[in-house]
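Structure first, then comments.
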Amino acid sequence: MKGSRQKIILDIITNNDIETQNQLIDALNAHGIASTQATISRDIKELRLVKELTPAGTYRYAVSASHSNDHNEKLRKIFRESVTSYCCAQNIVVLKTLPGLAPAACSAIDKMDIEGLAGTLAGDDTAFLAMIDCAHAQMLCDEIENYF
């Protein structure tokens, strides 16, 4: 629910000038999603939304310029510090890590907005990333290739 709500929030602020949390709540209601101000406030923080000045002199919510690079930076850091190898097995991406670091790698990956990620499972030095299909698994492996 949270992930789909946040994706809709990003779509709303991309296509509309939303100035206030109340306007965002109303826009979510129009999409059939009831939400509270506290939930919206947490979503804004997690999505790292900022207010930017529009040409009309008003403010609107927008994605922080640094947010788009966060995904790549986090993956690079995880791979530099813990992952030793990877492979793609149909819709599963298998990561081998240094001993004891698979849970940390999975935790960080779970917090990222990786397209097609269904979930993660960590052992001591092995992490399984379940993707929704083989194509998404291959896309993630292609992205991982850039970090090795």
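At-a-glance table
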read-out	value
Helices (runs of 4 or more DSSP H) (entirely within segment 1-64) containing at least 2 residues that are within 24 Å of ALA118 (Cα to Cα) and either of a type in the set (Asp, Glu) or at pLDDT below 90 (or both)	2-15, 37-47
Qualifying position, being closer than 26 Å to SER4 by Cα, under 19 Å from the mean Cα position of the chain (by Cα) and not in a strand (DSSP E or B), among ALA105, ALA127	ALA105
Hits in segment 33-59 (condition: open to solvent by 70 Å² or more (accessible area, probe 1.4 Å) and either touching a Cys at 6+ places or on another chain (Cβ under 9 Å) or under 20 Å from LYS2 (Cβ atoms) (or both))	ALA34, THR36, GLN37, ARG42, LYS45, GLU46, ARG48
Scope segment 86-102; condition over 20 Å from ILE132 (Cβ atoms) and part of a strand (DSSP E or B); matching residues	LYS96, THR97
Counted residues, segment 111-124 - those being surrounded by fewer than 17 Cβ atoms within 10 Å (Cβ to Cβ) and either assigned to a strand (DSSP E or B) or modelled with pLDDT under 85 (or both)	6
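The values are calculated or read from the model by the stated rules, or taken from the named source; none is laboratory data. This one's a predicted model, so the numbers in the text were calculated from it and none came from an experiment. For neighbour counting, all protein chains shown are included, and Cβ atoms are generated from backbone atoms with ideal geometry for every residue, glycine included. The protein model used for the area step is the full one, side chains on, heavy atoms only, and it has no ligands, DNA or RNA in it. Shrake-Rupley method; radii C 1.70, N 1.55, O 1.52, S 1.80 Å.
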